[in-house]
């Protein structure tokens, strides 16, 4: 393993991570505004039963630096899901400024509601739209609040409560935070039998790139970047081989006796790296054929544990308590003044 990765990731990412926009539409958690979360959930819209789902977002996860008047809420579909249209969902939404958050969410629903708790979206029948897969899931049409809800991050955390009195059967997957793992996907095409994979990608852990299908002890390079190229760049002299990601750092090494590689790259626990897309592609020199060959690129959206929590009952919307699940919550968009 080449020892130069940790400092380039932090230095380059500091310049590349976009600032959270303070506008009329704010994604929560703010770090996931332009990136997928690590998991999906069918709570609350993908069940066949009534349910109550409270989502608690720590104030520093909301992206709000000052008070806002919230006018509408939208949820984001899971990026890999093909969701069908689902209607006749009897939904009400409650909002609070809460003293509870990711560290102390209570199983008793009433304990998580703040002093200003209000049913901001009175019960009515709603429909969730059909969605198709994409790098980031599509937001469903926003639920307009009956009256603006004033939220001040200096006063506490944000609690959003989805109260579903009835819904028909059928799934509907929502994008959700979960554990500290990256979101992995292939970009571009491999050539000459090379195959790349990746694992990990959680901050404070490692991002592992592996390669198989190469030549014993061949010289190789891991091409690291922070963006996919608009069009792949062909490798001269090697038909079908191309570079798919931008090259911001190059790690040289040699394949092992089996023509494989395993590179574990340390990831610091640095908040600026949250949800950052990192690309890794192998470039290998074939000494007999006298040419460079490439694997496919691997895109990894770096993961982290977010300051959120969920409390839920998936069989009833009238019980007084539910199951507490730290670090899990749906991805929201808040439309505000």
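The values are calculated or read from the model by the stated rules, or taken from the named source; none is laboratory data. What you are looking at is a predicted structure, and each value in this text was computed from that prediction instead of being measured. Quick reminder, even Gly has a Cβ in these numbers, built from the backbone with ideal geometry, and neighbours come from all protein chains shown.
Within segment 318-337, being surrounded by 20 or more Cβ atoms within 10 Å (Cβ to Cβ) and not in a strand (DSSP E or B) holds for 322, 328, 329, 331.
For (1) in a loop (DSSP other than H, G, I, E, B); (2) farther than 30 Å from residue 100 by Cβ, each residue gets a yes or a no:
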{"residue": "259", "(1), (2)": "yes, yes"}
{"residue": "262", "(1), (2)": "no, yes"}
{"residue": "281", "(1), (2)": "no, yes"}
{"residue": "285", "(1), (2)": "no, yes"}
{"residue": "293", "(1), (2)": "no, yes"}
{"residue": "309", "(1), (2)": "no, no"}
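Between 121, 178, 149, the distinction of being in a loop (DSSP other than H, G, I, E, B) and in contact with a strand residue (DSSP E or B) (Cβ under 7 Å, 6 or more places away or on another chain) belongs to 178 only.
Filtered by the rule that a residue be crowded, with 18+ Cβ neighbours inside 10 Å and in a loop (DSSP other than H, G, I, E, B), segment 192-204 gives 192, 194, 201, 203. Return the residue satisfying two criteria in turn: it lies in segment 163-178 and is surrounded by fewer than 19 Cβ atoms within 10 Å (Cβ to Cβ) and under 20 Å from residue 54 (Cβ atoms), and of such residues it is modelled with the lowest pLDDT. Top of the filtered list is 178.
Applying the criterion of being over 20 Å from residue 305 (Cα atoms) and either free of Cβ contacts under 8 Å to residues at least 40 places away in the same chain or surrounded by fewer than 22 Cβ atoms within 10 Å (Cβ to Cβ) (or both) to the residues of segment 52-67, the residue that is nearest to the chain's Cα centre (by Cα) is 65. Scanning segment 240-250 for any residue that is over 16 Å from the mean Cα position of the chain (by Cα) and modelled with pLDDT under 95 turns up at least one such residue.
The single condition from (1) touching a residue at least 60 places away in the same chain (Cβ under 8 Å); (2) surrounded by fewer than 23 Cβ atoms within 10 Å (Cβ to Cβ); (3) outside the structural domain of residue 268 (by TED's automatic domain parsing) that residue 285 fails is (3). Is one or more of the residues making up segment 127-145 part of a helix (DSSP H, G or I), loosely packed, with under 15 Cβ neighbours inside 10 Å and touching a residue at least 60 places away in the same chain (Cβ under 8 Å)? Within segment 127-145 (the criterion being part of a helix (DSSP H, G or I), loosely packed, with under 15 Cβ neighbours inside 10 Å and touching a residue at least 60 places away in the same chain (Cβ under 8 Å)), the answer is no, since none of the residues qualifies. Among the residues making up segment 1-33, those that are part of a loop (DSSP other than H, G, I, E, B), surrounded by 13 or more Cβ atoms within 10 Å (Cβ to Cβ) and modelled with pLDDT of 50 or more are 29, 33.
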